[in-house]
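Accompanying notes for the structure given below.
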Protein chains: 2
Amino acid sequence: MKKDSVKVGIIGFGTVGSGTARILLEKGGLLKERTGLNIVLHKIADLDITRDRGFKVPDGILTTNVSDIIENDDIDIVVELIGGINPAKGFILKALQRRKHVVTANKALLATEGNELFQSASDNKVDIGFEASVAGGIPIIKALREGLIANSITAIYGIINGTCNYILTKMTDEKAEFADVLKEAQRLGYAEADPTFDIEGIDTAHKLTILSSLAYGIPLSFNELYKEGITKITSQDIEFASEFGYKIKLLAITKLSEGEIEMRVHPTMIPNNYLISKVDGVFNAVYIEGDSVGATMYYGKGAGDMPTGSAVVADIVDISKMLVHGKVSEYKGNQTERQPYKIKKIEDIESMYYFRFSAMDKPGVLSKISGILGNYNISIASVIQKGRRIGGSVPLVILTHTAKERDVLNALREIDELPVVSEKTMFIRVEGKGE
Amino acid sequence: MKKDSVKVGIIGFGTVGSGTARILLEKGGLLKERTGLNIVLHKIADLDITRDRGFKVPDGILTTNVSDIIENDDIDIVVELIGGINPAKGFILKALQRRKHVVTANKALLATEGNELFQSASDNKVDIGFEASVAGGIPIIKALREGLIANSITAIYGIINGTCNYILTKMTDEKAEFADVLKEAQRLGYAEADPTFDIEGIDTAHKLTILSSLAYGIPLSFNELYKEGITKITSQDIEFASEFGYKIKLLAITKLSEGEIEMRVHPTMIPNNYLISKVDGVFNAVYIEGDSVGATMYYGKGAGDMPTGSAVVADIVDISKMLVHGKVSEYKGNQTERQPYKIKKIEDIESMYYFRFSAMDKPGVLSKISGILGNYNISIASVIQKGRRIGGSVPLVILTHTAKERDVLNALREIDELPVVSEKTMFIRVEGKGE
């Protein structure tokens, strides 16, 4: 199938669609210079084709009819940028069945329905590019699939939701509370009107599902992943974390431990002197540890029209090279034949922990609490008791050595029933060199 | 040329050669699982094939005769890991002429002779992989050539020499002097017995030559690059930098300004709160700014057997995919047809500056010096004068706003001739949001 030009159709002319279209229109010459290929934006489908997107689109490109793309024999690559599960899934399946390659930024769809999509791509001998689905413009999928291909991945830690990182950074810098910062973030457009997907860790979990699948060659396993958002974090926790030398970040964590895979999203305390703890504001970073390469990290903007468009176009170029050079799909979905890995339940993980107890300011309280922790083999690394009386109780803060999550949950259940404990205990998992 | 197995020959069984061989031998199964390809280590040539490298090499692989690789019709990919210009260049050219693909980590060779090598590769329709030549295991070449292909690169700032970064980090953390830290680095194996290539910035310049060529589609232009090492940096400068809120790093800088390319390697003051200023020890980091993607950064180990081997094997895999899928070289050397960019002379750049004057502690000295700076349109941002008398003179430290390098050189020449100035003035270029 030798040809020198590749035709692209974009479905969805919103933020990322606009960025992608702009790059294809404005950088056609640069791309041709760099690759020898003519990559032509042939059609853009959207329900709204009249709103001004801030740049000129040549006549004849815009359409409100998605069939003009999916059923168009001229189009080689269909770019799905409408987001959400439906109708995106149907559009993609139809495009794949028509042997069109697909590029998408749709992490929610891939995380939850990706196995079916990749199977269909494989059946139809076409490819799905999804660089833009994780960490926006950072070429992290490429790093994982190609740059680090010689590595068994030992661990990935990601800050991959700009909204949460913005909120936690603001809370840290301004000693502000979650609700206030969220409101400001919404006002500034850094958080959606309904922020659930971001602040409850769902978006992060979608992206982690994809990273974990690539790292360990397992099917996309969104439902087996543990997730916890940032809504319960208080500025008091951030302050205590800082006294212990830590920052609080919403981390996506996947690692191989004892032959099982951990996949979890939760607020995490990370030592102040770790590079990833210094990734602030809306920026994303993904730390990948491989057995050959050691520690690596990738940093950049995780969202936005142009950064995400940059990743979409990189996928378009990769697929175009394949098309022109007559190569078939090189990647059979994400998973390998072998699937020896089990996914660990959150109760089975081991971690260090931060506990903030709301305990009455009475003699013997520390001894009672530490006694219960001891019964569950949870060993204490440090304690802060401030003596500040807040509503009759004082915060008692403890940092543990590595303990089993199951033991922690049981110990806290017992502690929270003590009459001297006035509120549910706050706990945050802690990463870093412990012991 | 459909085939399912690819045969690799490695020339040079030193540090990186050992890492590469180990990965190919130990990860053959993983690579097959991930790509479907059999990548077979067929031969390793070295003058010393008896020394124990710490792992077992199958019988029949080792040879002392490089022709067993270059002239071996079974071998598809020749991996050159002996380093240096000769005989590496001859080996590579011979391999290319025999239509073998080449993978190399040899930055010195590529920076100085690469134009000829890439031309030969292009003439012979084969590829040269060189991911391992810059920043070890970090997939930075791939990020630049593929992941960020949709971007015009506006600037690159790299910490790409682990030895220099280790020395500067130690000098900073321990308030130690250059010569002492260098000795310690040599003792620990972080610096060579003859450290010239590292500490004079030559190695960094080789790597910058490669990055700049990729970023701007220009021929490899090592001789037009400005370089300055770290030997003149004192712990006093590091301390003053810190008082102003800066760290000192050896930076490789390339950027496009006014239609011309800057390519320079020199010690640079970077604001404390920039992520790249926190890259310490032997670690490398490359900050790349693209017009679509914005700021991105890539971090990891820049040297070592396994990290560099990881990059070499990534190239081997990429080329193997091409071979098996019957695709010809996709990259005609590094440069595009268009070459509108001129490389800026160092005298023509603009920067902010740090000056440390060794001035007599006499009335009117500051006025005299600042008068001369004013005559050359160099405007002062801040001044530190400590009043500490060191050998009859006190250090007077000035941070400037953006100025022209030519003006700075002229002003300093004039100032250094003043009778009240006892030593040549130390100056360091300053990056960051100035004005």
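The values are calculated or read from the model by the stated rules, or taken from the named source; none is laboratory data. Since this is a predicted model, take the numbers as computed values, not measurements. Here Cβ is always computed from backbone atoms with ideal geometry, including for glycine, and neighbour counts include all displayed protein chains. All accessible areas refer to the heavy atoms of the entire protein, side chains included, with ligands and DNA or RNA removed. Shrake-Rupley method; radii C 1.70, N 1.55, O 1.52, S 1.80 Å.
Observations, loosely collected:
- Meets criteria (within 10 Å of chain B (Cβ to nearest Cβ) and over 18 Å from A:GLY60 (Cα atoms)) for A:GLY19: yes
- Just one residue in the set A:LEU225, A:LEU220, A:LEU214, A:LEU250 is over 24 Å from A:ASN272 (Cα atoms), touching a Gly at 6+ places or on another chain (Cβ under 7 Å) and assigned by TED's automatic domain parsing to the domain that holds A:GLY290; that residue is A:LEU220.
- Residues (part of a helix (DSSP H, G or I) and under 18 Å from the mean Cα position of the chain (by Cα)) located in the range B:212-267: B:SER212, B:SER213, B:LEU214, B:ALA215, B:TYR216, B:PHE222, B:ASN223, B:GLU224
- Members of the range A:342-365 that are crowded, with 18+ Cβ neighbours inside 10 Å and part of a helix (DSSP H, G or I): A:ILE346, A:VAL365
- Matching residues, the range A:255-265, being more than 14 Å from A:LYS345 (Cβ to Cβ) and either open to solvent by less than 10 Å² (accessible area, probe 1.4 Å) or of a type outside the set (A, V, I, L, M) (or both): A:LYS255, A:GLY259, A:VAL265
- Cβ-Cβ under 8 Å pairs, at least 6 apart or on other chains, the range A:121-140 side within 9 Å of chain B (Cβ to nearest Cβ), far side outside any helix (DSSP H, G or I) and surrounded by fewer than 24 Cβ atoms within 10 Å (Cβ to Cβ): A:GLY136/A:LYS301; A:GLY136/A:ALA303; A:GLY136/A:GLY304; A:GLY137/A:LYS301; A:GLY137/A:GLY304; A:GLY137/B:GLY294; A:ILE138/A:LYS301
- Residues satisfying the stated conditions in the range A:369-385, i.e. surrounded by fewer than 16 Cβ atoms within 10 Å (Cβ to Cβ) and either outside the structural domain of A:PRO395 (by TED's automatic domain parsing) or of a type outside the set (A, V, I, L, M) (or both): A:GLY371, A:GLY374, A:ASN375, A:ASN377, A:SER379, A:SER382, A:GLN385
- Number of the exception - B:ILE276 against (1) open to solvent by less than 10 Å² (accessible area, probe 1.4 Å); (2) more than 9 Å from chain A (Cβ to nearest Cβ); (3) closer than 27 Å to A:VAL313 by Cβ: (1)
- B:VAL6 meets each of the listed conditions (1) open to solvent by less than 20 Å² (accessible area, probe 1.4 Å); (2) under 14 Å from B:ALA132 (Cβ atoms) apart from (2).
- Subset of the range A:207-229 (residues that are open to solvent by 10 Å² or more (accessible area, probe 1.4 Å), under 13 Å from A:LEU110 (Cα atoms) and among the small types (Gly, Ala, Ser)): A:SER221
- Boolean, A:ALA252 is more than 14 Å from chain B (Cβ to nearest Cβ) and surrounded by 24 or more Cβ atoms within 10 Å (Cβ to Cβ): yes
- Taking the range B:129-159 as the range and being part of a loop (DSSP other than H, G, I, E, B), of a type in the set (Val, Ile, Thr) and either touching a strand residue (DSSP E or B) at 6+ places or on another chain (Cβ under 7 Å) or surrounded by fewer than 24 Cβ atoms within 10 Å (Cβ to Cβ) (or both) as the test, the residues that pass are B:ILE138, B:ILE149.
- Positions within the range B:141-154 being facing chain A (nearest Cβ under 7 Å) and not aliphatic (A, V, I, L, M), in sequence order: B:LYS142, B:GLU146, B:GLY147, B:ASN151, B:SER152
- Out of A:ASP198, A:ASP203, one residue alone is assigned by TED's automatic domain parsing to the domain that holds A:ILE159, free of Cβ contacts under 8 Å to residues at least 60 places away in the same chain, in a helix (DSSP H, G or I) and open to solvent by 10 Å² or more (accessible area, probe 1.4 Å). It is A:ASP198.
- Members of the range A:22-47 found to be under 30 Å from the mean Cα position of the chain (by Cα) and in contact (Cβ under 8 Å) with a residue 40 or more places away in the chain, listed by number: A:ARG22, A:ILE23, A:LEU24, A:LYS27, A:LEU31, A:ILE39
- Total residues in the range A:165-207 satisfying the condition of being under 22 Å from A:ILE140 (Cα atoms) and touching a Lys or Arg at 6+ places or on another chain (Cβ under 8 Å): the figure is 8.
- The range A:280-309, residues that are part of a loop (DSSP other than H, G, I, E, B) and more than 7 Å from chain B (Cβ to nearest Cβ): A:ASP280, A:GLY281, A:VAL282, A:ASP291, A:GLY302, A:ALA303, A:GLY304
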